[in-house]
Amino acid sequence: MKDIKNIYCVGRNYEMHAKELHNEVPTSPFLFSKPTHSLVEANGQFITLPNDQGTIHYETELVIHIARQYETGMKVDDLVDAIAVGLDLTLRDVQAQLKLKQHPWLLAKGFKNSAVVSTFIPFPGVEACKQSDFSLIKNGELVQVGNIKDLLFDLQTIIEFTGEHFGLGKGDIIFTGTPSGVGTLSDQDKLSLTWGGKEIGSCSVTLHS
């Protein structure tokens, strides 16, 4: 897997996903981050997740890899060299409690193995990306499908916002948001991450306290 530095994630970046969780639709990009210890590549193995902190939800997303230092005015096609399909895993019950307390989401979003990514493949360019869907197949059933043409904030907006507020450099990745259709993971679930109908990552789930 590519050397990864910072892991940024865009929340509520598909309107229907925001609505399905009864959240307000944002008017500007809504970002959070995950620690690098949360990162794991889906290469056919079992991934261990906690079973003592409530429901774990999958959120399938297109992940972009930054190839060089961001400078104001740079375009997506100048900065991104690879993409993957990822899972932003979320301890949903924990997140609900953190929201009530107005606390950061780190406990719900940053646990070990919560940032799952497929193999990275060459970035074909923004317009070409809009011609392919990404998806999650769980236990042989298609459960989530998305396309970046439906993003509330497109890749250019995400990159500019992230670069100006936090900085972006070589090795950073951005989870660009999940469409509607998030759901619960269970012990022994088999997951397949696809791009354009082709599997580029897979794993199975082991829940363990």
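The values are calculated or read from the model by the stated rules, or taken from the named source; none is laboratory data. The shown structure was predicted, so the numbers you read here are calculated from the model rather than taken from an experiment. In this analysis, Cβ positions are derived from the backbone assuming ideal geometry, glycine residues included, and neighbour counts consider all displayed protein chains. Ligands, DNA and RNA are stripped out before the accessible areas are found, and what is left, the full protein with its side chains, is counted by its heavy atoms. Shrake-Rupley method; radii C 1.70, N 1.55, O 1.52, S 1.80 Å.
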Which ones in segment 103-149 are hydroxyl-bearing (S, T, Y) and farther than 19 Å from I173 by Cβ? S135
Name the residue, out of K190, K130, that is farther than 22 Å from E41 by Cβ, surrounded by fewer than 18 Cβ atoms within 10 Å (Cβ to Cβ) and of a type in the set (K, R). K130
Segment 103-150: strands (runs of 3 or more DSSP E) wholly inside it with 1 or more residues that are over 13 Å from the mean Cα position of the chain (by Cα) are 134-138, 141-146
Of the residues G140, G125, which is loosely packed, with under 14 Cβ neighbours inside 10 Å, farther than 19 Å from Y8 by Cβ, in contact with a Lys or Arg (Cβ under 9 Å, 6 or more places away or on another chain) and modelled with pLDDT of 95 or more? G140
Just for segment 153-168: of the residues that are in contact with a strand residue (DSSP E or B) (Cβ under 8 Å, 6 or more places away or on another chain) and exposed (fewer than 14 other Cβ atoms within 10 Å of the Cβ), which one is nearest to L91 (Cα to Cα)? F166
Starting from residues that are open to solvent by less than 50 Å² (accessible area, probe 1.4 Å), closer than 25 Å to L151 by Cβ and among the small types (G, A, S), keep the ones in segment 1-56 and report whichever is modelled with the lowest pLDDT. A18
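What number of residues within segment 57-75 satisfy the criterion of being more than 21 Å from E164 (Cβ to Cβ) and either open to solvent by less than 20 Å² (accessible area, probe 1.4 Å) or not in a strand (DSSP E or B) (or both)?
First pass over segment 57-75, keeping only residues more than 21 Å from E164 (Cβ to Cβ): 57-62.
Those left that are additionally either open to solvent by less than 20 Å² (accessible area, probe 1.4 Å) or not in a strand (DSSP E or B) (or both): 58-62.
Qualifying residue count for the region: 5.
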List the pairs whose first member sits in segment 39-50 and is touching a residue at least 40 places away in the same chain (Cβ under 8 Å) and outside any strand (DSSP E or B), whose second member is small (G, A, S) and open to solvent by less than 40 Å² (accessible area, probe 1.4 Å), and whose Cβ atoms are under 7 Å apart, counting only residues at least 6 apart or on separate chains? A42/S118; A42/G201; A42/S202
Enumeration of residues in segment 76-96 that are of a type outside the set (D, E), modelled with pLDDT of 95 or more and either surrounded by fewer than 16 Cβ atoms within 10 Å (Cβ to Cβ) or closer than 26 Å to T157 by Cβ (or both): V76, L79, V80, A82, I83, A84, V85, G86, L87, L89, T90
